[in-house]
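First up is the structure itself, then whatever we jot down about it.
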Amino acid sequence: MSSWLADTIERAEEVNDWLSPKRKKSLSLLKDTRWPTRKTEAWRYTPVNNIERARFNVVESQGAPATDIPHLNAIDIVFIDGIYNAELSSKHFPEGLTITQLSEGNSSSWALDSFSKTKPERHFFGLINDALATQGCIIDIAADATIEQPIRIAQSFKQGTQTHTRILMRLGERASACVIEQLEGDELCFNTSFAEYQLAASAKLEHYRLAMQCADAISLGGCHFHLAEKAKLNSNLIGFGSQLSRVDYDIIHAGQFTDSKFNVIYLLDGKELFDLHSAIEHTQPNGKSEQNIRCIVADHSNAIFNGRIHIHRDAQKILAEMNNRNLLMSENAQINTKPELEIYADDVRCAHGATIAEIDKEAMFYLQSRGLSRNEAQVLLSFGFINELVDLMNNQAVAQWLRPILKQRFAAMEVS
Amino acid sequence: MLKITDLQVKVADKDIINGLNLHIKPGEVHAIMGPNGAGKSTLSYALTGRDGYQVTRGSASLDDQDLLDMEIDQRATAGLFLAFQYPVEIPGVSNMEFLKVAVDAQRLARGATKYSASEFLKLAKAACKQVNLPLSFLKRGVNEGFSGGEKKRNEIMQMIMLEPKLCILDESDSGLDIDALKIVADGINSQRDGKRSFLVITHYQRLLDYIKPDYVHVLADGKIVKSGGPELALELEAQGYSWLESYDRNAGDASE
């Protein structure tokens, strides 16, 4: 066992709170799980040994909060270095919405029951998060409640910190809400951030994970969704790579007539790495899932996408689509993309596609012939490649805030 | 304005333009006609600097500035504009955004200040109207899902916005019905101000009914084999290009 893992387990054994019954189970699983190496299929292209090399402390909160998103008018839940900041967080919530802190203790039996229920056990760092996440929030939305204001969970991370946060959310029947998970920080830090969402029958969730940690950050996390009958999910993931960024997505279509859309943009530069593993489970008939993953890699960066669609035996009449398009800006950048389709039902439509391309030379010439410099043309074209997905975002404040940030990132990219 | 001397251009190791001479003065409209494969598009790409079009001999200058030494965008900001035969579709990049960046680049190169957002919008709307494109086109992806005629009109709109010195129109009439042809021609004529020059590349005399050229040149085998006034275009329309066979050419040896 790695020394880092041994230390972590030792620390986890000291955690004693209302979630301890659940933590114990994950801890025992963790003890039986081997430290991921290149031989572990789920970690084949993503080395994690830099976690062992770096030293992190559990520190008092001292950094700055994540960037404000103008015009969002959100209900803010702010964590700085993994610690809830009550002062910067909203105190009043609309009717039908309850938000409590994980650190406050047991809020309800469903919270205890739901912890680690939607998130599959196979995620190694998910188990670590199970054992160590004492910070985070529990969001409960009553049946039939429509929460118009988006809920923003803003996390920022400073140099040298090690943090573990967890989000638990339940949407009652026919409830609807928008959640924005924002993660920021470019210094060397280590955090795990996992979120579990339960959507009751006919509930609707609009979801954003803005995984914008970059440069030296080490970030491991996941979003896991459980959809009951007629539930609808629209999730957007923005990924900036970093020294090590890994996100695991699970969307479990557990009822009939469920519908999920998952749009992903990742932009990597320098020596950054971003690894997304998505798994769509269709366990019931008449479901629909659609994934669009667009990725741009520059310089020496490294993008990994593993997309799994699993259609169970009785899940007939499923429409499942997965489309992964990659743009290579440099000869030294790397893309590993792998679709995994496992289909046991015979009356389904399941399509997947993956492409890796360079910038369209004809389009470059067209733009340059109008007076755009090479760099301007490249920024416009690469931005156009992902902007189609930004245009599809329902929340205009998020889309408007993102566009210049994404453009800025292109402008800084090394192209060769 | 444009001075081309003894130009030779290779594409994939094959000589396509072979000792071409052309001199266009300010305000003049020159038409270049010629059969398929004569090198008409090659000429326009070589002048604008497209990759793969290698100039092996000769010179080309715009207002005494050596074009061949410049980057693609420098040629554009020096005042050269090419209306593409096949405009490129660029999904995700809105026409408006593209035009703004392009116009800004042109203004910067001329030492003029950038237009404000509202000034720009006003000009773009006017240009849109002039070529009879709905304003919604400004928000759409560049040429994305445009019909052939709409693409050609979009080229003319860009020309109006960018205010070049010399416009090369590469078969701007191809694929157009009579109404669209008239709109394109009107757009071009509106830009004739006695200083701006035009090089109109076409197969057919039809376009030249609307855009009156000062000179007509016949291009064959990579060089100009005959020059004349507008009456030459009529002659070609009546007789076709077959009479060019009498010139010393190796038919089928060239490609566009």
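The values are calculated or read from the model by the stated rules, or taken from the named source; none is laboratory data. Computed from a predicted structure; not experimentally measured. So basically every Cβ, Gly included, is an ideal-geometry build from the backbone, and we count neighbours across all protein chains shown.
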Notebook entry, point to check: When you scan the range A:339-361, how many residues do you find that are facing chain B (nearest Cβ under 8 Å) and of a type in the set (F, W, Y)?
Noted result: 0
Item checked: Options A:N129, A:N191: the member that is crowded, with 23+ Cβ neighbours inside 10 Å, touching a strand residue (DSSP E or B) at 6+ places or on another chain (Cβ under 6 Å), in contact (Cβ under 8 Å) with a residue 24 or more places away in the chain and in a helix (DSSP H, G or I) -> A:N129
Check: Can you tell me which residue in the range A:276-314 is surrounded by the most Cβ atoms within 10 Å (Cβ to Cβ), limited to those that are in contact with a helix residue (DSSP H, G or I) (Cβ under 8 Å, 6 or more places away or on another chain) and within 17 Å of A:L210 (Cα to Cα)?
Finding: A:I296
Margin query: Checking A:A397 against (1) within 28 Å of B:L108 (Cβ to Cβ); (2) under 25 Å from the mean Cα position of the chain (by Cα); (3) assigned to a helix (DSSP H, G or I), only one condition comes out false. Which one?
Written below: (1)
Item checked: Residue list for the range B:55-85, restricted to those being farther than 17 Å from B:Q106 by Cβ, over 14 Å from the mean Cα position of the chain (by Cα) and surrounded by 14 or more Cβ atoms within 10 Å (Cβ to Cβ) -> B:V55, B:R57, B:G58, B:S59, B:A60, B:S61, B:L68
Next item on the list: Would you be able to tell me the number of residues in the range A:328-361 that are touching a residue at least 24 places away in the same chain (Cβ under 8 Å) and not in a strand (DSSP E or B)?
Entry: 11
Notebook entry, point to check: What is the number of the single condition among (1) modelled with pLDDT of 70 or more; (2) in a loop (DSSP other than H, G, I, E, B) that B:S227 does not meet?
Noted result: (2)
Note to self: Conditions first: (1) over 27 Å from B:A185 (Cα atoms); (2) at the interface with chain A (Cβ under 8 Å from one of its Cβ atoms). B:E97 passes all but one, so which condition is the exception?
What the structure shows: (1)
Notebook entry, point to check: So how many residues does the range A:379-394 have that are among the acidic types (D, E) and either modelled with pLDDT of 90 or more or within 19 Å of the chain's Cα centre (by Cα) (or both)?
Noted result: 1
Item checked: Sole exception among (1) within 14 Å of chain B (Cβ to nearest Cβ); (2) in a strand (DSSP E or B); (3) free of Cβ contacts under 8 Å to residues at least 40 places away in the same chain for A:M364, by number -> (2)
Notebook entry, point to check: Which one is surrounded by the fewest Cβ atoms within 10 Å (Cβ to Cβ) among residues in the range A:367-388 that are in contact (Cβ under 8 Å) with a residue 12 or more places away in the chain and of a type in the set (S, T, N, Q)?
Noted result: A:N375
Check: How many residues does the range B:22-81 hold that are farther than 30 Å from B:Q205 by Cβ, in a helix (DSSP H, G or I), away from every other protein chain (no Cβ under 14 Å) and touching a Leu at 6+ places or on another chain (Cβ under 8 Å)?
Finding: 0
Next item on the list: State all residues of the range B:1-21 that are more than 20 Å from B:A76 (Cβ to Cβ), in contact (Cβ under 8 Å) with a residue 40 or more places away in the chain and part of a loop (DSSP other than H, G, I, E, B); if no residue qualifies, say none.
Entry: B:A12
Margin query: Please go through the range A:236-255 and give me each residue that is more than 9 Å from the chain's Cα centre (by Cα) and within 14 Å of A:G307 (Cβ to Cβ), ordered by number.
Written below: A:D250, A:I251
Check: When the residues of the range A:237-261 are filtered to those that are surrounded by fewer than 24 Cβ atoms within 10 Å (Cβ to Cβ) and among the aromatic types (F, W, Y), which remaining residue is nearest to A:E340 (Cα to Cα)?
Finding: A:Y249
Item checked: Residues of the range B:184-205 satisfying the condition of being surrounded by 19 or more Cβ atoms within 10 Å (Cβ to Cβ) and either assigned to a helix (DSSP H, G or I) or of a type in the set (A, V, I, L, M, F, W, C) (or both) -> B:V184, B:A185, B:G187, B:I188, B:F198, B:L199, B:V200, B:I201
